[in-house]
Amino acid sequence: MRQRIEIALLVGPALVLFLGFVILPVLLAAVYSLYNLPPAFRWEHLADPERFVGIANYERAIGNPEFIRAIGNNFVILALSLVIQGPIAIGVALLLNRRMRGRGVLRLMIFVPYVLAEVIAGLSWKLLLQPQGGVNAALEALGLGFLQRNWLADPDIALWTLFAILTWKYVGFAIILMLAGLQGVPEELSEAAAIDGASWWQIQRHITIPLLGPTIRIWAFLSMIGALQLFDMVWVTVAPTVRGMATETMATYMVQQGSFGGQPGFGSAIAVILFLISLTVALVYQRFALRRDLAGSITRGVR
Amino acid sequence: MTATSTITTGTPRSKLPPAMVGRRFDWGQPFVYLIALVVAAIAVGPVIYVFLGGFRTTADLNADPAGLPDPWTLQNWAEVLGAPRFWGNVLASVILAAGTTAGVVVVGIMAAFVIARYDFRGREGLYTLFTAGLMFPLTVAALPLTLMLRTMGLHGTYLGVIIPSIAFALPTTIIILVPFLRAIPEELEEAAAIDGTTRIGFFWRILLPLSMPGLVTVGVLAFVGSWNGYLLPLLVISTGTLPQELWPLPLGVTQFSTQYSQDTAAVLAYTSLAMIPALAFFLAAEKRIVGGLQGAVKG
């Protein structure tokens with residue numbers, strides 16, 4: 001009996017917070033998405049049959065070219081992250097994985113962009129990338145004036161600029177993660193291979209990178225989920241009109257329509273779609289790529 | 001979701017000696033330093049530009065955006081630091097981050113203690129429930145959450161940000177703490193029981209001090225997450241009634257940059273000042289953050 005009370009008292013607060021502020025809102029999103037709700041929401045609205053619209057919000061979202069483009073942008077960022085950030089991170093980590101002077105300082109510096117808030121990093125880049133900003137001026141000074149662009153305001157290149165900023169922000173994290181993973185790759189294997197006459201490149205290609213596999217797969221997973229949830233950076237760096245034309249993501253579209261556009265019902269439908277897409281990607285990836293790494297780590301549960 | 005659990009369940013372990021694969025490739029050494037230099041320059045270059053820009057006048061910036069300060073001026077910094085607005089932003093961020101951290105640590109360790117060291121039906125279910133929380137991102141819950149907070153009267157308040165932040169930090173917290181608490185040997189608990197300590201006494205006197213490293217990791221993660229958070233403050237605070245002098249930093253900085261968009265130097269000064277707390281905190285907790293990562297991938 002005493003144990004029951006202890007359990008209840010100790011787990012209670014966490015359980016209430018978790019169910020009330022994590023699970024309940026997600027369930028509510030599913031409920032709200034079936035209604036046409038005004039911005040000044042009251043619970044009574046859910047009892048009003050005239051506000052119940054069934055799956056109309058979903059139909060509207062799916063049939064909306066802006067939202068479809070937003071989904072596309074999310075997946076473009078996701079694919080680019082994997083294809084560009086991954087190899088950069090692995091390459092740099094392989095090169096830096098050696099005894100060298102200033103390793104600690106270097107690690108600190110590489111990590112700086114990751115530590116800054118996405119918003120503050122984004123604002124800094126917004127200033128740097130203004131037409132009269134530091135980047136264009138630096139290009140001019142280097143004699144590369146023909147490369148000058150209106151980086152964040154030109155819809156043709158805004159998404160690429162955004163991706164470059166994201167790479168700057170997150171590739172350091174990937175490098176540190178890979179370096180950490182490399183510490184778990186036993187030295188003896190490469191030494192043995194070197195004695196057998198393998199070149200540096202062969203060793204990396206056939207020994208180190210395969211053994212780094214679990215780290216790479218986990219990084220890829222985090223990167224994919226991050227790409228699908230992308231919000232802060234887009235919201236802060238790109239002006240709303242350009243965002244609507246070129247860099248909208250699911251999350252920015254959701255906040256734009258649902259919160260600032262005063263349509264919580266429609267926004268909730270977007271949230272549910274975002275959730276389902278993330279979940280599908282996560283499950284598929286887990287099924288095909290992560291299964292080996294995770295064997296027994298979570299399915300087994302507690303002890 | 002599940003992957004994050006592997007990432008974070010890394011229990012602390014002694015550092016392995018780093019594998020120095022490339023030691024014999026001396027010809028590559030200069031090349032490697034060059035790469036290292038380029039990577040480091042790209043990483044910190046923009047940050048340095050922002051800091052330097054804060055020491056320039058707007059006229060100087062407009063005349064030569066890529067140059068060095070000429071003349072150097074402390075006026076921007078003095079103006080930002082002299083106005084209550086910046087300090088109000090910092091204070092708000094501190095309140096939000098400290099509140100979230102304290103909440104997460106206290107609520108998290110209590111729940112983790114039960115899941116790790118009590119034997120009862122439904123224990124596994126409880127653990128699975130919390131880990132499943134990783135699949136519910138804040139982005140998805142944000143809209144209904146704001147509506148909920150509105151009906152609870154918490155919209156536009158600090159508590160309206162702190163409470164959901166605690167809730168969303170709980171899954172990672174519990175995933176990190178449970179293995180930590182479980183690793184503490186059964187014998188200690190038995191010995192304590194023989195000496196007449198209750199379970200709660202054991203929790204207070206033995207478990208808590210022993211799990212300090214885990215608590216610090218969890219606390220650092222929660223603090224940084226809250227300090228950098230934007231979506232929740234944007235939806236809960238910026239649309240509320242709090243004056244912008246009392247908005248947390250990320251909101252305050254965006255607001256300042258919109259308001260004073262013509263005065264680039266002032267914005268740069270404000271932005272660089274806003275970076276300092278995060279950078280300082282990172283320098284202080286670097287071992288924890290990076291070390292945590294390393295334990296994580298090796299786990």
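The values are calculated or read from the model by the stated rules, or taken from the named source; none is laboratory data. Here the structure is a predicted model, which means the values were calculated and not measured. All Cβ positions, even for glycine, are placed from backbone atoms using ideal geometry, and neighbour counts span all protein chains on display. SASA here: full protein model, heavy atoms, side chains in, ligands and nucleic acids out. Shrake-Rupley method; radii C 1.70, N 1.55, O 1.52, S 1.80 Å.
Per-residue answers, yes or no, for (1) under 18 Å from residue A:91 (Cα atoms); (2) in contact (Cβ under 8 Å) with a residue 60 or more places away in the chain; (3) surrounded by 19 or more Cβ atoms within 10 Å (Cβ to Cβ); (4) aromatic (Phe, Trp, Tyr):
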position: A:164; (1), (2), (3), (4): yes, no, no, no
position: A:176; (1), (2), (3), (4): yes, yes, yes, no
position: A:180; (1), (2), (3), (4): yes, no, yes, no
position: A:184; (1), (2), (3), (4): yes, no, no, no
position: A:197; (1), (2), (3), (4): no, no, no, no
position: A:219; (1), (2), (3), (4): yes, yes, yes, yes
position: A:222; (1), (2), (3), (4): no, no, no, no
Pick from region B:176-189 the residues that are open to solvent by 60 Å² or more (accessible area, probe 1.4 Å) and not in a helix (DSSP H, G or I): which of them is farthest from the other protein chains (Cβ to nearest Cβ)? B:185
Could you tell me how many of the residues in region A:99-137 are more than 7 Å from chain B (Cβ to nearest Cβ), open to solvent by less than 30 Å² (accessible area, probe 1.4 Å) and out of contact with any helix residue (DSSP H, G or I) (no Cβ under 6 Å at 6 or more places or on another chain)? 1
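If you check residue A:176 against the conditions, is it under 20 Å from the mean Cα position of the chain (by Cα), assigned to a helix (DSSP H, G or I), facing another protein chain (nearest Cβ under 8 Å) and closer than 30 Å to residue B:222 by Cα? Before the answer, list the steps.
On the way: under 20 Å from the mean Cα position of the chain (by Cα): yes; assigned to a helix (DSSP H, G or I): yes; facing another protein chain (nearest Cβ under 8 Å): yes; closer than 30 Å to residue B:222 by Cα: yes.
Spelling it out, residue A:176 is indeed under 20 Å from the mean Cα position of the chain (by Cα), assigned to a helix (DSSP H, G or I), facing another protein chain (nearest Cβ under 8 Å) and closer than 30 Å to residue B:222 by Cα.
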Looking only at region A:200-209, and only at residues there that are modelled with pLDDT of 85 or more and open to solvent by less than 70 Å² (accessible area, probe 1.4 Å), the one that is farthest from the other protein chains (Cβ to nearest Cβ): A:209
So, in region B:190-212, exactly how many residues are outside any loop (DSSP other than H, G, I, E, B) and either under 33 Å from the mean Cα position of the chain (by Cα) or crowded, with 23+ Cβ neighbours inside 10 Å (or both)? 13
Please return the ranges of helices (runs of 4 or more DSSP H) entirely within region B:68-164 where 1 or more residues are within 7 Å of chain A (Cβ to nearest Cβ) and open to solvent by less than 40 Å² (accessible area, probe 1.4 Å). B:84-117, B:123-132, B:138-152
Within region A:80-98, does at least one residue satisfy the condition of being of a type in the set (D, E, K, R), free of Cβ contacts under 8 Å to residues at least 60 places away in the same chain, farther than 28 Å from residue A:227 by Cβ and surrounded by fewer than 16 Cβ atoms within 10 Å (Cβ to Cβ)? no
If you check residue A:185 against the conditions, is it outside any helix (DSSP H, G or I) and at the interface with chain B (Cβ under 7 Å from one of its Cβ atoms)? yes
Report whether or not residue B:258 is among the polar types (S, T, N, Q), open to solvent by 10 Å² or more (accessible area, probe 1.4 Å) and away from chain A (no Cβ under 11 Å). no
So which residues in region A:138-162 are away from every other protein chain (no Cβ under 11 Å), exposed (fewer than 15 other Cβ atoms within 10 Å of the Cβ), assigned to a helix (DSSP H, G or I) and not aromatic (Phe, Trp, Tyr), if there are any at all? A:145, A:147
Filter region B:110-138 down to residues that are under 14 Å from residue B:200 (Cα atoms) and basic (Lys, Arg), then give me how many there are. 1
For a quick check of your reading of the model, give me the residue pairs whose first member lies in region A:243-254 and is touching a residue at least 12 places away in the same chain (Cβ under 8 Å) and more than 14 Å from chain B (Cβ to nearest Cβ), whose second is of a type in the set (Val, Ile, Thr) and open to solvent by 10 Å² or more (accessible area, probe 1.4 Å), with beta-carbon atoms closer than 9 Å and at least 6 apart or on different chains. A:246/A:157; A:247/A:161
If you go through region B:51-67 one residue at a time, how many are in a helix (DSSP H, G or I) and surrounded by 15 or more Cβ atoms within 10 Å (Cβ to Cβ)? 6
Just checking, which of B:221, B:242, B:235 is of a type outside the set (Gly, Ala, Ser) and within 7 Å of chain A (Cβ to nearest Cβ)? B:235
Of all residues in region A:1-52, how many are open to solvent by less than 20 Å² (accessible area, probe 1.4 Å) and at pLDDT below 80? 1
